[in-house]
Amino acid sequence: MNVFGEKDLTDSPCIGICSSTNLGDEICIGCKRTAQEVIDWNSYSDQQKIAINMRLRKETSILTEMNVTHWTAPVSTNENDQAIDAIEQGRILHFPTLAFQLLPDENEFLSPSFAEIKAKNISFDRHTQRLRCAKCPAEKYARLKNMLQRFSEQAERLVHGLLTPYAAALQLGRTSFRPVEIAGRLSSYRKDDTRLHVDAFPATPNQGRRILRVFTNINPNGQARHWRVGEPFAEVVARFLPLVSKQWPGSAALLKWLRLTKSKRTAYDHLMLQIHDRMKADLTYQKKVSQQSIYFAPGSSWIVQTDQVSHAAMSGQHVLEQTFYLPVTAMVNPTLSPLKTLEKWTGRVLT
Ligand code: SIN
Ligand code: FE
């Protein structure tokens, strides 16, 4: 392991899901080595191990590396096309050297003591200029808000410049600061982000809109944010859609009337919530499904549509995140959206 908690290129790529040795597969569903490479691994030289690991990382990575180093850097048309194509295919846009610079007097905010007890995040609403779940002395409040506002503006400029076809339709959601270590955090299974899931929220139906998030790791101690990423959305649907329970007629109106949801929970929201919950509840699935680990280093950023990409955050502390919502009609290829995928499977209009 290196300082970022990543495996070294001479380490075995095994992730403990071994189908070549257990089931006799020619290619292991866990690490993607050939059966022969698994058997012979310990007899290989360092050079052979490095060559295999490099090949596997290239073949299997869900990351599309973007060479953008400034939040406002001009982007070529080629990069625009590559970014849109990758993000709609359910890939993660990774910016290894795109860092968010803290001002000297903002370093003090890198402490969980600024978040309310039990809160995962401090969130900021640029429209109302309010912070939520922050435990911040009055004299520091404006500076904390300023840090989130600055990040939010930079994230917005990045997505507008990079994902240009979306720019006019993107809706700005919350900004969040996550100063609490993920590993060891206690929560109910539904709120447990260390379990693979696609994002769906009980109180805030998104009615088919895409959830697009920009993350940046601002950890000052060299600690990476460790994610697991699971199977493609269509495979998640194939597995869990047959298991979902019915949405009771009238329940959406009742939830809205009781103010348990902020807007109407559509059939789409109901299915996404059910899939989210069933993924998290299934511990065998969590362990056995084909998946990869990703370590996002400090000073790096990434963009991901978390309604489509099955993800789990395993460890890490101190990221900033900006959420955007995107109507499916603004996508270049709407058929790739979770909404259209679910409508195809169910044969129904879901919003
Ligand atoms: C999540 O969206 O599940 C959490 C991601 C993170 O905080 O890194
Ligand atoms: Fe999530």
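Derivation of every value follows stated rules applied to the coordinates shown; laboratory data play no part. None of the values given here were measured: they were computed from a predicted structure. We place every Cβ from the backbone using ideal geometry, glycine too, and count neighbours over all the protein chains shown.
For segment 62-346, give me the percentage of DSSP beta bridges that are antiparallel, rounded to the nearest 5 percent.
Here the share of antiparallel DSSP bridges comes out near 95 percent.
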key: Separation in nanometres of the label points that stand 7 Å from Cα toward Cβ, at Asn107 and Ala169   = 4.4
request  = State the antiparallel share, in %, of DSSP beta bridges confined to segment 1-138, rounding to the nearest 5.
outcome  = 60
key: Extension gain, Asp125 back to Thr21 (0.36 nm per residue minus Cα-Cα distance, nm)   = 32.4 nm
remark   = Looking only at aspartates and glutamates whose Cα falls under 20 Å of Lys145's and that sit 8 or more positions away or on another chain, we get Asp105, Glu106, Glu108, Glu116, Asp125, Glu153, Glu156, Glu321
inquiry  = At R0 = 25 Å, how high is the FRET efficiency between Asn333 and Lys264 if r is their beta carbon distance? Nearest 0.05 is fine.
reply    = 0.40
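Starting from the Cα-Cα distance between Ala142 and Glu235, subtract it from 0.36 nm times their residue separation and give me the gain in nm to one decimal.
Gain on stretching Ala142 to Glu235: 29.0 nm.
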key: 19 Å Cα-Cα threshold exceeded, pairs from Lys118/Lys264; Lys32/Lys280; Lys256/Lys280; Lys135/Lys256; Lys7/Lys32; Lys58/Lys340   = Lys118/Lys264; Lys32/Lys280; Lys256/Lys280; Lys135/Lys256; Lys58/Lys340
task = Round to a whole angstrom and tell me the spacing of the C-alpha centers of segment 214-252 and segment 84-145.
result = 21
remark   = For Leu350, the residues 5 or more places away or on another chain with a placed amide H closer than 5 Å to its own amide H are none
note = Whole-Hz Karplus couplings 3J(HN,Hα) for segment 108-125, θ = phi - 60° and coefficients 6.51, -1.76, 1.60, Gly and Pro as x, run 5, 6, 7, 7, x, 5, 7, 9, 4, 4, 6, 7, 7, 9, 9, 10, 9, 10
request  = For an R0 of 35 angstrom, estimate the FRET efficiency from the Cβ-Cβ distance between Ile50 and Glu181 and round to the nearest 0.05.
outcome  = 0.65
